[in-house]
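The values are calculated or read from the model by the stated rules, or taken from the named source; none is laboratory data. Everything numeric in this text was worked out from a predicted model, so none of it was measured. All Cβ positions, even for glycine, are placed from backbone atoms using ideal geometry, and neighbour counts span all protein chains on display.
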Amino acid sequence: MTRMFLGRFKFLSLLLLLFNPIAAFAFDPRQVVISVAPFAAGTVGNEEVGKRTSTILNLQIWQTLRIPTTPEGRNTKGVVTWDFDSRPPTTFLEAERYAAAQTDQEPAIVLWGRAWHYGSGVIVESFLSIRPGDVSKPYGSDLLSAKLSDGTTFSVGIPRRQIDFEPIILKSEIMPELSEPAGLKLYKSSKGDETEGFVGDYFKALEQGPDSAKVVLPNGTQGWIRLPSLSRERSEVVDFSGGIVRILRSDWSGATQLFQRVATNAHAPTAVKVDSYLYLAIAAANSGGDPAPWLRKAYDLNPYSKTILEYLCMDQLRQLAQRTSDKQDQEARIRALTELVRQGKPLYSANDPWFVSLKKYLQLAD
Amino acid sequence: MSKSQEKIAAFAFGVVFVIVLIVLAISFPNPTPFQYTTFRIILALAAGGVAVMIPGFLNFKVATWLRAGGALAVFAIVYFKSPAQLTGVNVSDASAPRQISIALHRPGADAECPRLPASAQIKITRVQDGSAFPPLNIVAGCKATLAVSASTTGLAKLALTGASPYELLKPDATYQLDTTSWEPSVTDTPRMHLLVTLFSYTGQCENLQRVFDTFQTILRSKAQSLRSLFATTDHRYDYLSSVNVIPTGQTLNMSPAEIRTYWQDNGALEILSGLCIGRPDGDVMRSSIFSGPLSGSLPEPLVADLKISETEFATTRDIYTAAMLYALAREAQSRELEQDIVISYLSRAHDVAFQIKGDTGKALVVAIEASLTIAGAPTNLSQ
């Protein structure tokens, strides 16, 4: 925590802390930290553009954070950090190294990328790394679970941990005066012009509005920051990243809002849309809804994905685990599951541990 | 034997061997040091034999240690004065050492040193007689020096030992022994086609070099991130880390047949070349993607006109990505990798190609779907 107050020269952090007091900044497994790394310059001379892009995305993701409505989500907090002193990562491996070096608030998620001059404009490529952490039980690997009558448990989690988005065309009118979040003006009210200086390296949100946010500084000063153009120019990169944070905080309704925006965004790549449908299925299943329509949409987009096959099987397994249906219905589900595993055989390896377990449960021979 | 008979025998011996030596001189214009010494001795003996029949008296003296007369003097003159030198051929340095510098490198214009293991050695054999030079140790990860005599000629073949996972890219290639440097290419993915060979783009566009550099960086970025598209825990995909973009630093100037041979010889996944065309509504880069036998049902080359505009950047990137994944699927198929690996590449390629507008996108989708059918991908899972 101390290092956060050392100022922008060391490690800068922008925080939304809506449940715990500022003093509780020590590592907490119930804290979802996303770090926006400095964006690399795809071509020489783009360094400032890379930095500005990073700032914009950082604040936009920060705007998506909120208090989860679920009981389990209320005990969590979401944190967005930035670090302009580190070397910009240019590969997923470098992003992992960047994240591991963030010792104060080691992020579970890293958004990184690069900015290019191309044609007559600037475009931004963004990548998201969702770190597995503990290898034996990767972070977010059991977002959907089913415990069957014989005690066997199946689960599925984060569909993909390394995501690349479609390039964004950077519009010059977005916050031209701002090079980093610490430079935001602190207003005394949400509408007036009177200011109280700048927010500095560390601030937390008390209330998020569409174009402004009420924040509190470490010395207790409260005020408003204004981000009008940011909320109108939100890309699927921000919605997807914010959605992941909400999923990991068990904010199912909040995640649904953001992933629906991604799934209906014509600009989003197919693979990102498929992931969004899978997250929508997770949110639906965990909030008592039916995940099947979302899975169907994912399958329609890509009928050749092993991950979607796993989710389809998982849906059947969850219904089997509910044990509310009669025996005939259970047998029908087993048959359907068996058929799925048989038909989908070309999509998975004979040694795939998840399908090996499932075949063992179904007593299927290779 | 009478004295005259001895003279005749010596003369006959001399004539025969002079003739033999003329034949040898024509057959071996560049003798090795050993051959040259042997020829010199026999020539000296033959000359001495011929001198037996020549009248007159001849005395020959070398410093203070040799004094000879008659036939023996002729022998001494021929042996010690090296008449072959008089022809201008520098045979007196035949046994002097000469060095051939060997620099192993990865393919491409970058000539990156591959950092071979310390146990690596190069074995060199002459093509002509199969004789071997002493094995050479590799220093600084990729360098070695072969010492030969100045007159050494002919061809040699190389072999790498103790260098795993590296192997010579062209193990059957031969190298001239009368040069001073060899630059053999090595690869850590032998018999795989994982290199995207990028020939320089040509044309008249204003920012050609910048556009080319951007294309190169896009390709490199894609190549480097291919491994991350597939489960990190599944090590069957680890070889994707070796996919690399190799700029040749030259423009492509080959016939289709030559391109195929180049593709085969250089472990290429794809060969790319391009032409920038200036148009009133903006420059267009015409990219040609050659995948050799991996092109399947795609046209060879796959030609894409890509407008150099920020709004077209995504399409440009997607075409390269989809084409690379498709080629990887075909490459995996050619090496008989598991069915699910092939399908996973095609599935990813399908994801990307699906959103490419225009004829190139359609051609890619059709080719990918045909390959998915061939690979046995399920067409309709019952749900």
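Residue count for region A:128-162 under the criterion of being assigned to a loop (DSSP other than H, G, I, E, B) and either among the polar types (S, T, N, Q) or within 20 Å of residue A:275 (Cα to Cα) (or both): the result is 16.
Does residue B:265 meet the test of being touching a residue at least 24 places away in the same chain (Cβ under 8 Å) and among the charged types (D, E, K, R)?
yes
At pLDDT 65 or above and either among the hydrophobic types (A, V, I, L, M, F, W, C) or touching an Asp or Glu at 6+ places or on another chain (Cβ under 8 Å) (or both), is that true of residue B:62? When the stated conditions are applied, residue B:62 does not pass them.
When the residues of region B:335-382 are filtered to those that are assigned to a loop (DSSP other than H, G, I, E, B) and under 28 Å from residue A:336 (Cα atoms), which remaining residue is nearest to the chain's Cα centre (by Cα)? Top of the filtered list is B:338. Listed by first and then second residue, the pairs with beta-carbon distance under 7 Å, at least 6 apart or on different chains, first residue in region A:337-366 and polar (S, T, N, Q), second assigned to a loop (DSSP other than H, G, I, E, B), are A:338/A:364; A:343/B:378; A:343/B:381; A:343/B:382; A:349/B:338. In region A:96-105, the condition of being away from chain B (no Cβ under 12 Å), in a helix (DSSP H, G or I) and within 14 Å of the chain's Cα centre (by Cα) is met by no residue.
Taken as a whole, the structure leaves residue A:67 outside the set of residues that are within 26 Å of residue B:352 (Cβ to Cβ) and hydrophobic (A, V, I, L, M, F, W, C).
Taking the criterion of being within 18 Å of the chain's Cα centre (by Cα) and surrounded by fewer than 17 Cβ atoms within 10 Å (Cβ to Cβ), the only residue of region B:127-142 that qualifies is B:127.
When residues in region A:73-97 are screened for being charged (D, E, K, R), surrounded by fewer than 20 Cβ atoms within 10 Å (Cβ to Cβ) and within 26 Å of residue A:215 (Cβ to Cβ), 2 of them pass. The residues of region A:240-267 that are more than 22 Å from residue A:310 (Cβ to Cβ), surrounded by fewer than 24 Cβ atoms within 10 Å (Cβ to Cβ) and not basic (Lys, Arg), listed by number, are A:253, A:257, A:260, A:264, A:265, A:266, A:267.
Put simply, of B:269, B:298 the only residue that is in contact with a His (Cβ under 6 Å, 6 or more places away or on another chain), surrounded by 22 or more Cβ atoms within 10 Å (Cβ to Cβ) and either in a strand (DSSP E or B) or away from chain A (no Cβ under 11 Å) (or both) is B:269.
Restricting attention to region B:341-374, the residues that are at pLDDT 95 or above, facing chain A (nearest Cβ under 7 Å) and surrounded by fewer than 24 Cβ atoms within 10 Å (Cβ to Cβ) total 1. Take the residues in region B:177-214 that are assigned to a loop (DSSP other than H, G, I, E, B) and hydrophobic (A, V, I, L, M, F, W, C); name whichever of them is farthest from the other protein chains (Cβ to nearest Cβ). It comes out as B:177. Going through (1) crowded, with 23+ Cβ neighbours inside 10 Å; (2) under 23 Å from the mean Cα position of the chain (by Cα) one by one, residue B:328 falls short only on (2).
Of B:253, B:244, which residue is within 14 Å of chain A (Cβ to nearest Cβ) and either without any contact (Cβ under 8 Å) to a residue 12 or more places away in the chain or buried (at least 17 other Cβ atoms within 10 Å of the Cβ) (or both)?
Within the list B:253, B:244, the selection yields B:244.
Checking each residue in region A:332-366 for being facing chain B (nearest Cβ under 10 Å) and outside any helix (DSSP H, G or I) picks out A:344, A:348, A:349, A:350, A:351, A:352.
If the condition is being modelled with pLDDT under 90, under 30 Å from residue A:120 (Cα atoms) and charged (D, E, K, R), then region B:240-284 contributes B:279, B:281, B:283. Residues that are closer than 19 Å to residue A:32 by Cβ, more than 9 Å from chain B (Cβ to nearest Cβ), touching a residue at least 12 places away in the same chain (Cβ under 8 Å) and in contact with an Asp or Glu (Cβ under 6 Å, 6 or more places away or on another chain) do not occur anywhere in region A:128-136.
Just a yes or no: is a residue in region B:181-198 within 30 Å of residue A:117 (Cβ to Cβ) and either surrounded by fewer than 19 Cβ atoms within 10 Å (Cβ to Cβ) or of a type in the set (S, T, N, Q) (or both)? Yes, some residue in region B:181-198 is within 30 Å of residue A:117 (Cβ to Cβ) and either surrounded by fewer than 19 Cβ atoms within 10 Å (Cβ to Cβ) or of a type in the set (S, T, N, Q) (or both). For residue B:236, are the conditions met, namely being within 14 Å of chain A (Cβ to nearest Cβ), over 30 Å from residue B:276 (Cα atoms) and in contact (Cβ under 8 Å) with a residue 12 or more places away in the chain? Judged against the criteria, residue B:236 is a match. Restricting attention to region B:288-326, the residues that are without any contact (Cβ under 8 Å) to a residue 60 or more places away in the chain and within 29 Å of residue A:124 (Cα to Cα) total 20.
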